[in-house]
1. List every residue pair whose Cβ atoms lie under 6 Å apart, where the two residues are 6 or more positions apart in sequence or sit on different chains, the first residue falls within the range 92-103 and is under 22 Å from ARG78 (Cβ atoms), and the second residue, located anywhere, is assigned to a strand (DSSP E or B) and away from the ligand (no atom under 16 Å from the Cβ).
2. Find all pairs meeting these conditions: Cβ atoms under 6 angstrom apart; at least six residues apart or on different chains; first residue within the range 213-228 and charged (D, E, K, R); second residue within 16 Å of the ligand (Cβ to nearest atom).
3. Do we have VAL222 as in the same structural domain as ILE43 (by TED's automatic domain parsing) and not in a helix (DSSP H, G or I) here?
4. Could you grab the pairs with beta carbons closer than 8 Å, sequence gap of 6+ or different chains, first residue in the range 20-41 and farther than 18 Å from LEU206 by Cβ and near the ligand (Cβ under 10 Å from one of its atoms), second one basic (Lys, Arg) and part of a strand (DSSP E or B)?
5. THR117: away from the ligand (no atom under 15 Å from the Cβ), in a strand (DSSP E or B) and in contact with an Asp or Glu (Cβ under 6 Å, 6 or more places away or on another chain), yes or no?
6. Closer than 24 Å to VAL95 by Cα and either surrounded by fewer than 15 Cβ atoms within 10 Å (Cβ to Cβ) or polar (S, T, N, Q) (or both): which single residue out of SER226, SER209 fits that description?
7. Can you name every residue in the range 66-92 that is of a type in the set (A, V, I, L, M, F, W, C) and away from the ligand (no atom under 16 Å from the Cβ)?
8. Give me the pairs: first residue in the range 147-176 and in the same structural domain as ILE21 (by TED's automatic domain parsing) and acidic (Asp, Glu), second residue assigned to a helix (DSSP H, G or I) and away from the ligand (no atom under 16 Å from the Cβ), beta-carbon distance under 8 Å, and six or more apart or on different chains, which are they?
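The values are calculated or read from the model by the stated rules, or taken from the named source; none is laboratory data. Because the structure is predicted, anything quoted here is derived from the model rather than measured. Backbone-built Cβ (ideal geometry, glycine too); neighbour counts: all protein chains shown.
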Amino acid sequence: MTAPPAASVTSEGTREVPIVIEATGLTKRYGDLTAVDHLDLRIREGEIFGLLGPNGAGKTTTILMLTGLTEPSAGEARVLGADPVREPLEVKRRVGYLPEHVALYDELSARGNLAFTADLNGIGAAEARHRIDAALDRVGLAVSAERKVREFSHGMRQRLGIADVLIKRPSLVVLDEPTLGLDPVGVEELLDIILTAAREERMTVLLSSHQLMQVQRICDRVGIFSAGKLVASGPIAELAEQLAEGLTVVEIALSPATPEAAAELRRIPGVVDVTPEDGMWRVRAHGDVRSGLARAVVQRGWSLTHLRQRDFGLEEIYLRYFEGQP
Ligand code: ATP
């Protein structure tokens, strides 16, 4: 018997959101290489969680362990209350998994592929028809339902892959690099499909990617992986706040852009440092120093060509972890 996901009632009587994925010390070694190193992770029901990291960081290995497709060398996991090592079939039944390379039958139509999946999952013919129509509709492939997958573009295949995952109405969906190789419009479309499906069907989503902007757009929280270790995790705004260390960052470009001018900017009250960056200067400061900077430029008769307070986004967070620079 599989336990339901951990849900509890707090002392105030409110229901705590159940934990859907829980990993404790999860580790995978391939010989001398530790692909995933003591991963501790908790993902709650309804969250869209982004697993971020460069190639080889351990994202796919983590996904394979969580979905019962490979055994950990140490540690343990619970996915929807089930143990992927001891109850892999239970996990596979309840988790919708879209691998990096979607496996589809080229000689079958889109509908034929989904019917095959429905059949494998023991879904009756009438219910299968209903679910297939709904899934094709959701991913915008209703008009191509009868076309053979052989004729599908990469974007259409990815969308059909999502439909295939939705057929069994999973409460957790795991997507490994779903937007890899798509053009920008295809990426946007696929992300919208994932976001809408997650919200409307109350699904939890674990999404791996190394494409930052898309993760930033749809994920509630992210985990940053580096060489098998989770080096940071949390809502993007929180990670950004930690990274900013209470300082604001302003980009400024002016003429003449001499070292003397930079030294003058450094003397403005509140400014902590001024560093050159992409033909501009990056000014770190306590509080909003934009008016002070603008005044200084005008008073000295220089011309100001650019002034912008920068929001810390995922790009800065990522660079900080992977290149050691904010
Ligand atoms: P990518 O974005 O390139 O898929 P990833 O973050 O998903 O990268 P993994 O595929 O999990 O990374 O790989 C983590 C490390 O484990 C890599 O160094 C990889 O070479 C190694 N690895 C993965 N699978 C195996 C395997 N079956 N045998 C040996 N080494 C492996």
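1. Between residues of the range 92-103 that are under 22 Å from ARG78 (Cβ atoms) and residues that are assigned to a strand (DSSP E or B) and away from the ligand (no atom under 16 Å from the Cβ), the close pairs are VAL95/LEU172; GLY96/VAL173.
2. ARG221/PHE49
3. Numbers: in the same structural domain as ILE43 (by TED's automatic domain parsing): yes; not in a helix (DSSP H, G or I): yes.
Judged against the criteria, VAL222 is a match.
4. Listed pairs, sorted by first residue: THR34/LYS28.
5. Values: away from the ligand (no atom under 15 Å from the Cβ): yes; in a strand (DSSP E or B): no; in contact with an Asp or Glu (Cβ under 6 Å, 6 or more places away or on another chain): yes.
Criteria not met by THR117.
6. Working: SER226 fails: closer than 24 Å to VAL95 by Cα.
Only one candidate qualifies: SER209.
7. First, pick out the residues of the range 66-92 that are of a type in the set (A, V, I, L, M, F, W, C): 66, 69, 74, 77, 79-80, 82, 85, 89, 91.
Once the filter is applied, which keeps residues that are of a type in the set (A, V, I, L, M, F, W, C) and away from the ligand (no atom under 16 Å from the Cβ), the range 66-92 yields VAL79, LEU80, ALA82, VAL85, LEU89, VAL91.
8. ASP164/ASN113; ASP164/LEU114; ASP164/THR117; ASP164/ALA135
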